Amino acid sequence: MKKVFLITGGAGFIGSHLAENLLNAGHKVVALDDFSTGKIENVMPLKENPDFELVVGTVLNEYLVDKLIEKCDAVFHLAAAVGVELIVKKPLESLTTNIKGSEIVLEMAHRYNKKILITSTSEIYGKNTNGPLKENDDRILGSPLKTRWGYSTAKAVDEMLAYVYWKNKRVPSIIVRLFNTVGPRQTGVYGMVMPRFISQALENKPITVFGTGKQTRCFLHVKDAVSAIVKLMNEEKAVGDVFNIGSQEEISIEGLAKNIIKITKSNSKIEYIPYDKAYEEGFEDMQRRVPDINKINKLIGFSPTYSLMEIIEDMISRLNNQKPQQRAPAQKSSLKQSGRKN
Ligand code: UDP
């Protein structure tokens, strides 16, 4: 059945892929975005589609959010200040958007009794280096005066709000925690490591590895993240619950840099930059972050379809298509053999 979905942050990196997925499934999409980090280019191709509507505005505008939620069937709440560098540079704006914005969106979902999925983050777990991290594992955070922890704290408030709106007011809400989602259209401007390393390698510039580079992450292709999000929205048993969404293919940041240099056949060298210089004095990084994905696997059969190498290849080939003058040496892609439905 054709539905109308509101996506807050619909012109962002993940929001635009989600919009594409829903339109391809025959739904109508209203994307709300204030272009703080979202970009018009992300949704340019979608503007041709009569089922796509772009509304330029902020989730802090209660009147606007009220009107948009009133006329939709369900809400994907993605609008947020994201990216560690952005959070560290603009702590106040980030806190306001992330806490106040979510409160407004949840309150309107309550007013009109609409189902809502809110996107949270693996930052929730803070410095807990145990792995794989389960949804009910402990959060280990540093001082709230260290701006990095503001993001984790704001998202934890969002999660609590969503959960309490469900428990006390029966607003059907679902929480997802995204672990390092990457893919085409992601920008390195706000600090995200993968697009940044790829651009640096394609331009033969130094690859900026922060700290020792021994810290590890698991990267998930945005298409895998989006298909999981959509399935959860359609799954009644997901309501009132929280799910990790991520890959379990763990790699050190130094290892990632080396792989990207190899795949792009770049002349780039690795430049190690201390955290104090890269972010701010006293900056604390997560040394390890691996999700436990048993819960989401059991409920909707989720498992990633893109390997790390396939993700890197996909991002490079899309960048090359956009900027022919910066073409990286052609590499044989393994994407075609994966049998994945794109
Ligand atoms: N990082 C890096 N160089 C960069 C950007 C990021 O070494 O130019 C590191 C960052 O310190 C972290 C990891 O890469 O350890 C992942 O960073 P990102 O901001 O992409 O995501 P996070 O997992 O920190 O949310």
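Each reported figure results from applying straightforward, stated rules to the coordinates on display, with no laboratory input. Since we're looking at a predicted model, the values are computed, not measured. Quick reminder, even Gly has a Cβ in these numbers, built from the backbone with ideal geometry, and neighbours come from all protein chains shown.
Based on alpha carbons, the Rg and Dmax found for the range 160-224 are 17.5, 55 Å. Take the Cα of Ser307, go 7 Å toward its beta carbon, and the backbone nitrogen atoms of the range 197-225 under 17 Å from that spot belong to 218-221. Ignoring the sites themselves, the chain has its longest run without GluC sites (Glu not before Pro) in a DSSP loop having at most 16 other Cβ atoms within 10 Å at 1-202.
Here the simple spin-label model places points 7 Å from the Cα toward Cβ, and for Leu145 and Glu48 these points are separated by 5.6 nm.
Over the range 106-236, with a single point scatterer placed on each C-alpha, what log10 of the ratio I(q)/I(0) does the Debye formula yield at q = 0.15, 0.17, 0.19 1/Å? Here log10 of I(q) over I(0) equals -0.90, -1.09, -1.26. Modelled this way, with points 7 Å down the Cα-to-C-beta line, the labels at Met160 and Leu299 are 2.2 nm from one another. Computed on the range 223-263, the Cα convex hull volume stands at 82 Å³ per residue.
With R₀ set to 22 Å, the beta-carbon distance separating Gln287 from Glu203 gives a calculated FRET efficiency near 0.15.
Here's how it looks for Phe210: its modeled amide H is under 5 Å from those of Ile273, which are all 5 or more places away or on a different chain.
Here the peptides 54-60, 288-294 are ranked by packing, the mean other Cβ count within 10 Å, and the order with the highest first is 288-294, 54-60.
Of the two radii for the range 202-331, the radius of gyration is 1.04 times the Kirkwood radius, both from the alpha carbons; that is the Rg over Rh value. Each label was represented as a point 7 Å from its Cα along the Cα-to-Cβ direction; for Glu41 and Tyr112 these points are 3.2 nm apart. Distances between placed amide hydrogens fall under 5 Å for Ala31 paired with Ile7, Glu53, Leu54, Val55, all partners being 5 or more residues away or on another chain.
Amide H contacts of Asn180: Ser122, each under 5 Å away and 5 or more positions distant or on a separate chain (H built 1.01 Å from N in the peptide plane; Pro and chain starts excluded). The C-alpha atoms of the chain occupy a region whose extents along the principal axes are 56, 47, 37 Å, arranged from largest to smallest.
Hey, if you drop one equal point scatterer on each alpha-carbon of the range 38-149 and run the Debye formula without solvent, what base-10 log of I(q)/I(0) do you get at q = 0.13, 0.16, 0.19, 0.21 Å⁻¹? Scattering profile of the range 38-149, log10 relative to I(0): -0.66, -0.93, -1.13, -1.22. Annotation: extensible slack from Ile273 through Arg318 equals 13.4 nm (criterion: 0.36 nm per residue apart, minus Cα-Cα distance). Using the Cβ of Met108 as centre and a radius below 11 Å, the other residues enclosed give a net charge of -2, where K and R count +1 and D and E count -1.
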